[in-house]
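Participant: Provided herewith is a single structure, encoded as structure tokens, for subsequent inquiry.
The values are calculated or read from the model by the stated rules, or taken from the named source; none is laboratory data. Since this is a predicted model, take the numbers as computed values, not measurements. Cβ atoms come from the backbone with ideal geometry, glycine included; neighbour counts cover every protein chain shown.
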């Protein structure tokens, strides 16, 4: 049996010896009952997010892979499992589910069939959130930033913005000295947020350029982009005083080059904040040297689903249809849209993911759109047993942004990065829920490997402008 | 006996490198990771070089190169052959990354052993050939100088060694040599000594000499942006016959520099954008050549891509060359020189 105590690395996780003991007691009882437990894997996490897609105890097994024993493992979220008595019972139930002839599992309303995580219905909920954010914020009377750990986005941290502007300005002066300053200075922000950062950036840039007697501000073209029109509208209000410098662009963050191909090799600074962590991703697990793709199936416990249906006056068998209407139309699918948002929130809190591992014969099967060789090399550098994100969305966005960079341009990303694959064994990295959206840490090691292969250098530095921040800053530029 | 004659006007050629297949890139990386032997890699290089030559012939080029597929990049292939240059072999992960290389003493004179590459090329084609060599300025910029008093001093020693190598290449049959100096564009302030050491490199070399200057093509991306204006008037002192420049990606406005400075050189005109996967049409190529004909007579024009095709996928590279050849033929026909 393999036991991984991932929670030990989390300073916020309280002592869990009692919980671990309770689970081991459940294992012993199952062994006494004749269940096969010797080749089990047990994972103990302390999930830092208030809401996740996990039950306190989950069981998962592998399918496919030919002859040889299937992978069977149990994962415990110690944050949700404070009561050791119920934990032991949950663990025993989960272990029984892993037995070769398992009894029927708990009654669940499944929202989809098993699929790679990037294709799960949970991403439709995530898209709904950004599309209908005004409904959500109006109903619950708080902005989306309030769900972030600091209650405010680090994107608009004044000290960080000031330093970024200074670096940009210094770069322009170098180009000017060499006689290679472009006539137009393109700057791109992907993910407009509230527009506060753009406003701050332009304020500071104008002041700095003016104080040095440079005409740079007059030449700047600031492209503020987002795929959510409501977000672009909101950002507009924060840059009104720079109106002739800013262009608002509806842009798919997964493919910036598609929209901005005319600016290939022309953009001097690209910035993103907390966007990659909100893009669809798959996960892979390596067990005994074999790679598995993690598939998920979203569900709501039957009992909880019935309660929601009753609360909103829906027939018990009409819940799935109503969810589909919500995802397609939004809260306006309800006679009272406010009730629609409340239904959405209540349901979202209940959505969980059942998982299974699907054996991969070839990595290419799992990395559609990614360079399998880069992924293979990157995973080969990691410790033996590993489960990590492929960060498909982030990687695609990153790779499709790099060609926009001017040879002396810089791409900067503030986000939750796992820069060392070994860190995947030292704590929970998502998915978690932030209000109506999803958060996953981004596989920074994979981004670095991809950039390296494409001729770019990636550096990671801690976000030092807010004490205790988990944010890391990725900076990319062309290799010299 | 091979007939290596050229058309009367607008001969076509690649700049130097031909498309690197993805699998070859992996094999080269395997070599750096000690997964295959040098002997195996040599055999693979021979095979892919023959294929690159054949592709150029099939595309219809008048002048062919060896495709430079033996080279990691335009720098390391030369640096590792220079005695006295200390190379940190652990310093690169992918084959076209640059080594960390340093000079810690005077570089001794010794051959670079490039002639076998030229002889292989001559054995495997009956067309006219061009052989490319990286210039002393570029090599100097990639070397950590821990011995010489200045970069020009280091470059001068490199130029002397390269001069001997060029003479050796001429003895082995080279009639058309191209010197690559892309780093001029990154360090325009070096141009004065850059041209000086270039001329040292070319002293007594009895061959047609082209000088290729671009804005970088590392990993298929520009390394610098700017204008060729910085070249003038200093470049007029270069003892070369031809400048080979990139225009297709950057536009043809700077052709006017040739007129403005009464530039006496031939022009290797870039008509294929090697940083775009889009395949140009023959008509587009013809238009680009016509734009140059407004500035230079056809007798002084060579037709080539902007830069090496190393990073262009093979099928795209082949079709681009086909369009280039056809575009040049269209203009020849218009001029009655078909």
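Participant: Where in the stretch A:121-225 are there helices (runs of 4 or more DSSP H), lying wholly inside it, with at least 3 residues that are surrounded by fewer than 21 Cβ atoms within 10 Å (Cβ to Cβ) and more than 31 Å from the chain's Cα centre (by Cα)?
Facilitator: Answer list for the stretch A:121-225: A:158-177, A:196-211, A:216-219.
Participant: Restricting attention to the stretch A:470-480, which residues are over 21 Å from residue A:396 (Cβ atoms) and away from every other protein chain (no Cβ under 14 Å)?
Facilitator: Scanning the stretch A:470-480 gives A:470, A:471.
Participant: Any residue at all in the stretch A:384-394 that's away from every other protein chain (no Cβ under 14 Å), over 22 Å from residue A:2 (Cα atoms), buried (at least 19 other Cβ atoms within 10 Å of the Cβ) and over 14 Å from the mean Cα position of the chain (by Cα)?
Facilitator: no
Participant: Ok, one more. In the set B:188, B:233, which member is more than 15 Å from the chain's Cα centre (by Cα) and buried (at least 18 other Cβ atoms within 10 Å of the Cβ)?
Facilitator: B:188
Participant: Quick one: how many residues across the stretch A:78-95 are touching a residue at least 40 places away in the same chain (Cβ under 8 Å) and outside any helix (DSSP H, G or I)?
Facilitator: The number of residues fulfilling the criteria is 2.
Participant: Kindly indicate whether any position in the stretch A:106-116 is surrounded by fewer than 21 Cβ atoms within 10 Å (Cβ to Cβ), part of a loop (DSSP other than H, G, I, E, B) and within 14 Å of another protein chain (Cβ to nearest Cβ).
Facilitator: no
Participant: Regarding residue B:224, is this residue at pLDDT below 95 and either more than 14 Å from chain A (Cβ to nearest Cβ) or crowded, with 18+ Cβ neighbours inside 10 Å (or both)?
Facilitator: For residue B:224, the condition - at pLDDT below 95 and either more than 14 Å from chain A (Cβ to nearest Cβ) or crowded, with 18+ Cβ neighbours inside 10 Å (or both) - is met.
Participant: May I ask you to verify whether residue B:93 is surrounded by fewer than 17 Cβ atoms within 10 Å (Cβ to Cβ), within 14 Å of chain A (Cβ to nearest Cβ), touching a residue at least 12 places away in the same chain (Cβ under 8 Å) and over 23 Å from residue B:155 (Cβ atoms)?
Facilitator: Yes.
Participant: Suppose we filter B:204, B:186 for residues that are modelled with pLDDT under 95 and in a loop (DSSP other than H, G, I, E, B); which single one remains?
Facilitator: It is B:186.
Participant: On the basis of being more than 14 Å from chain B (Cβ to nearest Cβ) and either modelled with pLDDT of 95 or more or in contact with a strand residue (DSSP E or B) (Cβ under 9 Å, 6 or more places away or on another chain) (or both), does residue A:407 make the cut?
Facilitator: Here the answer is no, as residue A:407 does not meet what is asked.
Participant: Name every residue in the stretch B:96-119 that is within 14 Å of chain A (Cβ to nearest Cβ) and over 25 Å from residue B:156 (Cβ atoms), in order of residue number.
Facilitator: B:96, B:97
Participant: Residues of the stretch A:259-282 being at pLDDT 95 or above and part of a strand (DSSP E or B), which ones?
Facilitator: Within the stretch A:259-282, A:267, A:268, A:269, A:270, A:271, A:272 qualify.
Participant: From the list A:59, A:107, which residue is touching a helix residue (DSSP H, G or I) at 6+ places or on another chain (Cβ under 8 Å) and closer than 30 Å to residue A:147 by Cα?
Facilitator: The unique qualifying residue is A:59.
Participant: Next question. How many residues does the stretch B:243-284 contain that are within 18 Å of the chain's Cα centre (by Cα) and either within 14 Å of chain A (Cβ to nearest Cβ) or closer than 21 Å to residue B:231 by Cα (or both)?
Facilitator: Count: 17.
Participant: List every residue pair whose Cβ atoms lie under 8 Å apart, where the two residues are 6 or more positions apart in sequence or sit on different chains, the first residue falls within the stretch B:188-201 and is within 14 Å of chain A (Cβ to nearest Cβ) and without any contact (Cβ under 8 Å) to a residue 24 or more places away in the chain, and the second residue, located anywhere, is crowded, with 22+ Cβ neighbours inside 10 Å and in a helix (DSSP H, G or I).
Facilitator: From residues that are within 14 Å of chain A (Cβ to nearest Cβ) and without any contact (Cβ under 8 Å) to a residue 24 or more places away in the chain, there are no pairs.
Participant: Looking at the stretch B:23-45, can you tell me whether even one residue there is on the phi < 0 side of the Ramachandran plot and in contact with a strand residue (DSSP E or B) (Cβ under 9 Å, 6 or more places away or on another chain)?
Facilitator: The answer is no; no qualifying residue exists.
Participant: In the set B:219, B:230, which member is under 20 Å from residue A:183 (Cβ atoms) and part of a helix (DSSP H, G or I)?
Facilitator: Going through B:219, B:230 in turn, just one is under 20 Å from residue A:183 (Cβ atoms) and part of a helix (DSSP H, G or I): B:230.
Participant: Next up: Going by the conditions given, is residue B:26 within 14 Å of chain A (Cβ to nearest Cβ), part of a loop (DSSP other than H, G, I, E, B), surrounded by fewer than 17 Cβ atoms within 10 Å (Cβ to Cβ) and without any contact (Cβ under 8 Å) to a residue 60 or more places away in the chain?
Facilitator: No.
Participant: Based on this model, can you work out whether residue B:47 counts as exposed (fewer than 14 other Cβ atoms within 10 Å of the Cβ) and not in a loop (DSSP other than H, G, I, E, B)?
Facilitator: yes
Participant: Between A:272, A:319, A:279, A:291, which is surrounded by 18 or more Cβ atoms within 10 Å (Cβ to Cβ), more than 18 Å from residue A:432 (Cβ to Cβ) and out of contact with any strand residue (DSSP E or B) (no Cβ under 6 Å at 6 or more places or on another chain)?
Facilitator: Just a single option satisfies the conditions, and that option is A:319.
Participant: Looking at the stretch A:22-32, is at least one residue assigned to a loop (DSSP other than H, G, I, E, B) and touching a residue at least 60 places away in the same chain (Cβ under 8 Å)?
Facilitator: No, because not a single residue in the stretch A:22-32 is assigned to a loop (DSSP other than H, G, I, E, B) and touching a residue at least 60 places away in the same chain (Cβ under 8 Å).
Participant: Can you tell me which residue in the stretch A:434-469 is nearest to the other protein chains (Cβ to nearest Cβ), limited to those that are under 30 Å from residue A:346 (Cβ atoms) and outside any loop (DSSP other than H, G, I, E, B)?
Facilitator: Top of the filtered list is A:442.
Participant: Quick test of your reading of the structure: residue B:128 fulfils all but one of (1) over 30 Å from residue B:47 (Cβ atoms); (2) modelled with pLDDT of 95 or more; (3) touching a strand residue (DSSP E or B) at 6+ places or on another chain (Cβ under 9 Å); (4) surrounded by fewer than 21 Cβ atoms within 10 Å (Cβ to Cβ). Name the failing condition by number.
Facilitator: (1)
Rundown of residues vs (1) surrounded by fewer than 21 Cβ atoms within 10 Å (Cβ to Cβ); (2) more than 14 Å from chain A (Cβ to nearest Cβ); (3) at pLDDT below 95, yes/no style:
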| residue | (1), (2), (3) |
| --- | --- |
| B:136 | no, yes, no |
| B:139 | no, yes, no |
| B:149 | yes, yes, no |
| B:161 | no, yes, no |
| B:167 | yes, yes, no |
| B:174 | no, yes, no |
| B:215 | no, no, no |
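Participant: How about the stretch A:226-247: which of its residues are part of a strand (DSSP E or B) and crowded, with 20+ Cβ neighbours inside 10 Å?
Facilitator: A:226, A:246
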